[in-house]
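Read through the structure below, which is laid out as structure tokens, and then see the notes.
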Amino acid sequence: MNESRVVLRAVGKPGDLGWMVLAHGEIYAAEYGWDTSFEALVARIVADFGANPASRRQRGWIAELDGRRVGCVLCVPADETTAQLRILLVDPLARGHGIGAMLVDECVAFARGAGYTRMRLWTNDPLVSARRIYLSRGFTLAGEEPHHSYGADLIGQVYELDLRRAPLRPRPAEVN
């Protein structure tokens, strides 16, 4: 019986940044009907991240399943004490392997190790699976606001995590 192998690695191979934008655009259009304004937002986030790849205050990860990119997340500074989790994504064909949880755990561990005391993220109400992961890791809802973006009526949600109080989780065995 063949078992799939999940590996998390740092963003940095040619094509990683473009893949993040492409995958977000295609997956969110297919699953939620979101328009290209969402893809443009992701492109700006990824471009900002890519403009300072050597920063000790930010990091990004790609999840690979059997050598193929299937997920990503970024951890970037929101301010001196707050890290921001950005653009978590798992390809629908790779869901069910715990990849989203692995990416969030790696992001939280990095933020804690980088000296941040809080972590924040912004998401939208249709992203139920991601919300389950955030809540299971100790994030709490800090605010909600309805908005019309990406061609859809949404409820934006801000979640926060106190990194000084959040439980430590073991890191995945396959992290490079």
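Could you check how much of the accessible area of the chain is carbon and sulfur, as a whole percent, using a 1.4 Å probe?
51
Would you please classify the overall shape of the stretch 1-44 from the alpha carbon gyration tensor, given that a ≥ b ≥ c denote the square roots of the eigenvalues, rounded means a/c under 1.5, and beyond that prolate means a/b larger than b/c while oblate covers the rest?
Verdict is oblate for the stretch 1-44.
Please tell me the relative contact order of the chain in percent, rounded to the nearest whole number, where contacts are Cα pairs under 8 Å and at least six residues apart.
Relative contact order, the chain: 22 percent.
Among rounded, prolate and oblate, which fits the stretch 60-110 when a ≥ b ≥ c are the square roots of the eigenvalues of its C-alpha gyration tensor, a/c under 1.5 means rounded, and a/b larger than b/c means prolate?
Working: a/c = 2.69, a/b = 2.48, b/c = 1.09.
Cα axes put the stretch 60-110 in the prolate bin.
Consider a paramagnetic label point 7 Å from the Cα of Leu135 along Cα→Cβ; state which residues of the stretch 2-43 have an amide N under 19 Å from it.
Hits in the stretch 2-43 for Leu135 at 19 Å: none.
Under the classification rounded if a/c is under 1.5, otherwise prolate if a/b is larger than b/c and oblate if not, where does the stretch 17-171 fall, given a ≥ b ≥ c as square roots of the Cα gyration tensor eigenvalues?
Rounded shape, in that the Cα axes give a/c under 1.5.
What number, in percent, do you get for the relative contact order of the stretch 63-113 if the mean sequence gap of Cα pairs under 8 Å and at least 6 apart is divided by its residue count?
34
Hey, got a sec? Which GluC sites (Glu not before Pro) in the stretch 1-68 land in a DSSP loop and have at most 15 other Cβ atoms within 10 Å?
Hits after loop and neighbour filter: Glu3.
The values are calculated or read from the model by the stated rules, or taken from the named source; none is laboratory data. Quick caveat: nothing in here was measured; it's all calculated off a predicted structure. As a convention, Cβ positions derive from the backbone with ideal geometry for all residues, glycine included, and neighbour counts pool all protein chains shown. Surface accessibility is based on the protein's heavy atoms, side chains included, excluding ligands, DNA and RNA. Shrake-Rupley method; radii C 1.70, N 1.55, O 1.52, S 1.80 Å.
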